[in-house]
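Notes for the one structure printed next.
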Amino acid sequence: MNNKVTSLILSLGVSIIFIVGFILAVSAMGYAPEEDPITKEIIKDTTSVSRVVSFSLIILWVALGAIALFTVFAIITNPKRFIPTAIGIAVFGVLVLIGYSLVNIETTGDIMKLDGATKSNLLLGGLGIKTTYVLITVAIGLIIVQGVRSLIGYFAKS
């Protein structure tokens, strides 16, 4: 196949995925759960929201699979080009480990009364929050370092 046909097929596939996702999202808009006043159970149909979430998860897993497949193909065809990416992945892994080391799981108190409050869920939530803090701190530090380098370069030229 030539590039025009491949581009057309990809554009058509992305358009179909967009249209289906848009229709599902519009069907779920305005959803507000209705509770039975006595039993406090949800009595309104929740399938429209479930369909959007399921569709999103399927698209996520398909996209991750495609990324993995094309990454492996790119590594096999040109391994030297992957070295900077491997370094980036390793640095990100170190930053995630730093975030993991900062996580403090609180398994007592009111938080355990919440639905789905398990030790593993609390760990993953804390890991996401702490890793975000680490990434923001590194980003701010790199911005400051680059600003100082630019100032030094500017004054060195003068």
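Per-structure values
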quantity	calculated
For peptides 121-129, 76-84, sequence by mean Cβ density within 10 Å, most packed first	121-129, 76-84
Estimated vicinal HN-Hα couplings, Hz - the range 135-149 in sequence order (Karplus 6.51, -1.76, 1.60; Gly, Pro = x)	5, 5, 4, 5, 4, 5, x, 5, 5, 5, 4, 5, x, 5, 4
Fully extended contour minus Cα-Cα distance, from residue 23 to residue 58, at 0.36 nm per residue	11.0 nm
Average silhouette area of the chain, convex hull of alpha-carbon atoms, in square nanometres	17.9
Within the range 81-158: Cβ-based charge dipole about Cα centre, in debye rounded to nearest 20 (Lys, Arg +1; Asp, Glu -1)	420
Likely footprinting exposure, 4, 130, fewest C-beta neighbours within 10 Å first	4, 130
Within straight-line cross-link reach of residue 113, lysines at Cα separation under 30 Å, skipping those fewer than 8 residues along the same chain	40, 44, 130
Bins of 5 Å from zero: percent of alpha-carbon pairs in the range 1-77	3, 13, 13, 16, 15, 11, 9, 7, 5, 4, 3, 2, 0
Per-selection Rg to Rh, the range 81-158 - Cα, Kirkwood hydrodynamic radius	1.23
Dipole magnitude of the chain about its Cα centre (Cβ charges: Lys, Arg +1; Asp, Glu -1), debye to nearest 20	1060
Residue-averaged [θ]222 nm for the chain, counting only DSSP H segments that reach four residues, each worth -39500 (n - 2.57)	-26500 deg cm²/dmol
Charge dipole of the chain about the Cα centre (unit charges at C-beta), most positive-ward option of 100, 24, 140	140
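Bear in mind these aren't lab numbers, they're just calculated from the coordinates by the rules spelled out. Note that the structure is a prediction, hence the values are computed from the model and not measured. Don't worry about glycine lacking a Cβ; one is built from the backbone with ideal geometry, like all the others, and counts go over all protein chains shown.
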